[in-house]
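Report on one structure; see the data block that follows.
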Amino acid sequence: MSPIQKIHHVAYRCKDAKQTVQWYEKHLGMRFVLAISENEVPSTKAPDPYMHVFLDAGNGNILAFFELPSQPEMDRDRNTPTWVQHLAFKVGSFEALLEARERLQAAGIEVIGPTDHTLFKSIYFFDPNGHRLELAFDCGTPEMHARLDEVKWDMLEEWSQTRRAPQHAAWMHDGSQSVPT
């Protein structure tokens, strides 16, 4: 049995801690819960001043950021497409997803979506640090999840051998959006 209970926090780098906290509070309603600042990294003892801020992402989930003024300017992984690395947050309804999109767009933030992923619908946008964010509304049925659960290992095995997309769940993307019998 795994000793893991849940994710304690997820940490990313930011360009400006204050701006980041204010942006997440304003646009996503996250509450600023903690700031830690040191001139030395506790785990490595390296002299490297930082500001570490923590935001409440709901239900005990904490999103944290480090501002590192003595390090080279932050950048993204240039070998990974911008759509891959992202943070996805769950919203309670499709209406909440649309309302969030409207608020973000009214604030001048470019939003993609809603995108229909069959199991969920989502919107995508970037924070001021260049991190891609997703808001997602779950709309998959228990039958859809059961069908996907049945084929997950077969899909993973086929992928590991071919590096081509297995078609075990093509029903999700072929336009039918119904679970085959």
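The values are calculated or read from the model by the stated rules, or taken from the named source; none is laboratory data. As the structure is a computational prediction, the values presented were derived from the model and not from experiment. Please note: Cβ atoms are built from the backbone with ideal geometry, for glycine as well, and neighbour counts cover all protein chains shown.
When Lys121 is tested against (1) assigned to a strand (DSSP E or B); (2) in contact with an Asp or Glu (Cβ under 8 Å, 6 or more places away or on another chain), exactly one condition is not met: (2).
Pairs linking a residue in the range 71-84 that is loosely packed, with under 10 Cβ neighbours inside 10 Å to a residue that is of a type in the set (Gly, Ala, Ser), with Cβ atoms under 9 Å and 6 or more positions apart or on different chains, are Asp75/Gly130. Residues that are over 21 Å from Glu134 (Cβ atoms), out of contact with any Lys or Arg (no Cβ under 7 Å at 6 or more places or on another chain) and at pLDDT 95 or above number at least 2 in the following strands (runs of 3 or more DSSP E) confined to the range 1-58: 31-40, 47-56.
Within the option set Thr181, Thr115, Thr82, being outside any helix (DSSP H, G or I), at pLDDT below 95, of a type outside the set (A, V, I, L, M, F, W, C) and closer than 30 Å to Gln22 by Cα holds for one residue only, Thr82. Of the residues making up the range 42-57, those that are without any contact (Cβ under 8 Å) to a residue 12 or more places away in the chain and among the small types (Gly, Ala, Ser) are Ser43, Ala46. Identify all residues within the range 59-70 that are closer than 20 Å to Pro128 by Cβ and free of Cβ contacts under 8 Å to residues at least 24 places away in the same chain; write none if there are none. The one that is closer than 20 Å to Pro128 by Cβ and free of Cβ contacts under 8 Å to residues at least 24 places away in the same chain: Pro69. Taking (1) under 30 Å from Asp149 (Cα atoms); (2) surrounded by fewer than 18 Cβ atoms within 10 Å (Cβ to Cβ) in turn, Ile123 satisfies each apart from (2).
Restricting Phe54, Phe89 to those that are surrounded by 18 or more Cβ atoms within 10 Å (Cβ to Cβ) and closer than 16 Å to Gly29 by Cβ reduces the list to Phe54.
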